[in-house]
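The values are calculated or read from the model by the stated rules, or taken from the named source; none is laboratory data. Everything quoted here is computed from the prediction, not taken from an experiment. In this analysis, Cβ positions are derived from the backbone assuming ideal geometry, glycine residues included, and neighbour counts consider all displayed protein chains.
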Amino acid sequence: MSEPAARPAPLSTVAAARRVFDLSFGEMLWSRRTIFMALVVGGPVLLAIIFRIVEAFGAPALRVNGARVAGGSVFGVMIWMLYIRFIVPVLGLFYGTALMADEVEDKTLTYLFTRPIPRGSVLLGKYLAYLACTSLVVLPSVMLTYFLTVPFAQVAATFRSLVLDLALLGAGLAVYGAVFAFVGARLKRPLVSGLVFAFGWEQLALALPGYLRQFTVAHHLQSLVPHTMPADSTLSVIQGLFRQTSSVSAALTALGLMLVVFLWLAMRTVARREYVLEQ
Amino acid sequence: MAAKTRYFVLTAAGILTAGLTTGLVASYMGGLPVALSHQAGPDDLAFVPPDAIAVGYANVQEVMASELRQRLRRMQEANPDSPDRHDFEEKTGVNVERDIDAVVGALLPASGDTGGNPLVLARGRFDQVRIEGLARDHGGEVSDYQGVRMIAHTGDEKTMALGFLAPGVVAVGSIEGVRGAIDAKRSGRNVMSNTEIMRLVGELDGNNAWAVGRFDAMASSTGLPGELQQRMPTLSWFSAAGHLNGGITGTFKAEAKDEEAAKNLRDMMRGVVAMVKLQADGKPEMRAFVDSLQLGGEGKTVAVGFSVPAEMFDALEKMREARRPAEVR
């Protein structure tokens, strides 16, 4: 009688997360969700191309109270209004909440959970794939927008703030991704809860005086933005009135804590939760 | 990793690497090579020496054609006390509205105790023979410097000069200033190589009047009282830009030497703006201007934006009319 085949030794969390990353990255990059992401990050690039064409003909692309708005300021406004306030939370929300939800919906979670790997590493690998996927789409889009809007003569003077913007957007994607990965792993209707958090709770807390803003990602992220906050709507004027920025170290510490805590909570939830796949 | 995924990753990484490398090179060199970058500011900056303390520009044609200027002109013509605007043309042979397209002004470092050396470069259409003739009639001496024709006139304290630098470009200012302009153009060493000034100029491109300069050097060159200089926060650079059409919109930006000084100045300006708003409560004609005052800036910069609507000039004219004695009216 032959000996039964020895079960392979379970992989460590990091090694398993790497395997899941390899599997998920390409899948995530060429999913239908990426078309949505391409449209969202393509918007600022398209606006920047229009800006550059109009400026190339010598006409001012943007005037405020009759005064021409310089390319550097236009880029700053785009970072605030399009990337920080919209693109980063939206991508974090759509991808983060779907990390586990997609596997549950497609009923493919069983295949991952029957592998000899820690359950938490499934989420970690998928989270890293999300981070790589969104960073590789968002950051080049910021780079293109920057070189299209900022005149070459001002590159030397504004390059430092571009590097800060890139780091900041990377941090934003990481933290929002971790928060929404937890929401996706924990709640049944994660998208609705995520939308309420990103565009309800965060906006409200920023407009209120007091300490509530400390419980938002946006407050800490916005404390690090090197550009002046635009007053483009009544809500942002109110937010500007009560705006209290954290110090750089406090904001970085808060963002780092949120990232670690929510990622750990998400991994723990995935490891402990019994997922029921509806037939 | 599938081939298409690999290509995507390589393309995205390539864009990021190319952008970061370009930015790093620009930061290290203080700017990108001229061939790659669009030069900010008017071409006549090539006549301004590299050590200029301040530089300003006005698009005379746009300003003269502006609705605001036309309004002021109508007011001036209606006012019998206003000086005859043909006087200037008779004395100099230049009609500002017709002959000048744009003006670049600069303040150059003083030589000795003479204060700053002013330099004005006007681009337009000039009748050299007529101007020379009028200058001679007023005691001007014609000479030649580096092949450029110059007319010098010695007044009570200073010798002022006028030089025909290039077809359509006239320089007026102190004799040192005009000679400096000729040398700058000839040697290619001009204010365009001054990265600090050009950085500020780049931000203001597109306005029809602007000025940038080193605040500390200007304060001492223009003879600002010593006590006032000491009381002013440690400002290093300033820039001011305006756009004239129906009214005037403008911004004034100053860079302090450190963030603490900038914060103090912002606090002080906030107080001044609040006081102005309180004062304007009883003056509805000032309301639009006062409401347009916006304080901004971050880090080491302090910025104030304003907008003066055309209606405010009407209100001021009415106030002036009301104050004039009845017999004059």
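Structural remarks
- Pairs linking a residue in the stretch B:184-207 that is on the phi > 0 side of the Ramachandran plot and at the interface with chain A (Cβ under 7 Å from one of its Cβ atoms) to a residue that is part of a helix (DSSP H, G or I) and surrounded by fewer than 24 Cβ atoms within 10 Å (Cβ to Cβ), with Cβ atoms under 9 Å and 6 or more positions apart or on different chains, are B:G206/A:E55.
- The residues on offer are A:T134, A:T145, A:T110, and the sole one that is in a helix (DSSP H, G or I), touching a Pro at 6+ places or on another chain (Cβ under 6 Å) and on the phi < 0 side of the Ramachandran plot is A:T145.
- Every condition in (1) modelled with pLDDT under 70; (2) under 22 Å from the mean Cα position of the chain (by Cα); (3) not basic (K, R) holds for B:A46 except the one numbered (1).
- Residue within the stretch B:79-93 that is surrounded by 12 or more Cβ atoms within 10 Å (Cβ to Cβ) and modelled with pLDDT of 80 or more present: no
- Residue in the stretch A:246-254 that is at pLDDT 60 or above, farther than 18 Å from B:G299 by Cα and either in contact with a helix residue (DSSP H, G or I) (Cβ under 7 Å, 6 or more places away or on another chain) or not in a helix (DSSP H, G or I) (or both) present: yes
- Taken as a whole, the condition of being surrounded by fewer than 21 Cβ atoms within 10 Å (Cβ to Cβ) and away from chain B (no Cβ under 14 Å) does not apply to A:L123.
- Checking B:V103, B:V120 one by one, the residue that is out of contact with any helix residue (DSSP H, G or I) (no Cβ under 7 Å at 6 or more places or on another chain), under 27 Å from B:M192 (Cα atoms) and either crowded, with 17+ Cβ neighbours inside 10 Å or modelled with pLDDT of 85 or more (or both) is B:V120 and no other.
- If you go through the stretch B:134-166 and keep only what is without any contact (Cβ under 8 Å) to a residue 12 or more places away in the chain and assigned to a loop (DSSP other than H, G, I, E, B), you end up with B:G147, B:G155, B:D156, B:E157.
- The residues in the stretch A:68-112 that are surrounded by 24 or more Cβ atoms within 10 Å (Cβ to Cβ) and either under 14 Å from A:S31 (Cβ atoms) or touching a Gly at 6+ places or on another chain (Cβ under 7 Å) (or both) can be counted, and the count is 9.
- For A:P151, the conditions (1) surrounded by fewer than 23 Cβ atoms within 10 Å (Cβ to Cβ); (2) more than 14 Å from chain B (Cβ to nearest Cβ) are fulfilled apart from (2).
- Test set (1) of a type outside the set (G, A, S); (2) in contact with a Gly (Cβ under 7 Å, 6 or more places away or on another chain); (3) modelled with pLDDT under 75 - B:R266 fails condition number: (3)
- Looking only at the stretch A:88-115, and only at residues there that are free of Cβ contacts under 8 Å to residues at least 60 places away in the same chain and within 22 Å of the chain's Cα centre (by Cα), the one that is farthest from the other protein chains (Cβ to nearest Cβ): A:E103
- Restricting A:F159, A:F182 to those that are surrounded by 15 or more Cβ atoms within 10 Å (Cβ to Cβ), among the aromatic types (F, W, Y) and more than 14 Å from chain B (Cβ to nearest Cβ) reduces the list to A:F182.
- Restricting the stretch B:236-260 to residues that are more than 14 Å from every other protein chain (Cβ to nearest Cβ) and at pLDDT 80 or above, the residue that is farthest from the chain's Cα centre (by Cα) is B:A256.
- Residues within the stretch A:150-169 that are in contact (Cβ under 8 Å) with a residue 12 or more places away in the chain, assigned to a helix (DSSP H, G or I) and closer than 18 Å to A:V45 by Cα, tallied: 4
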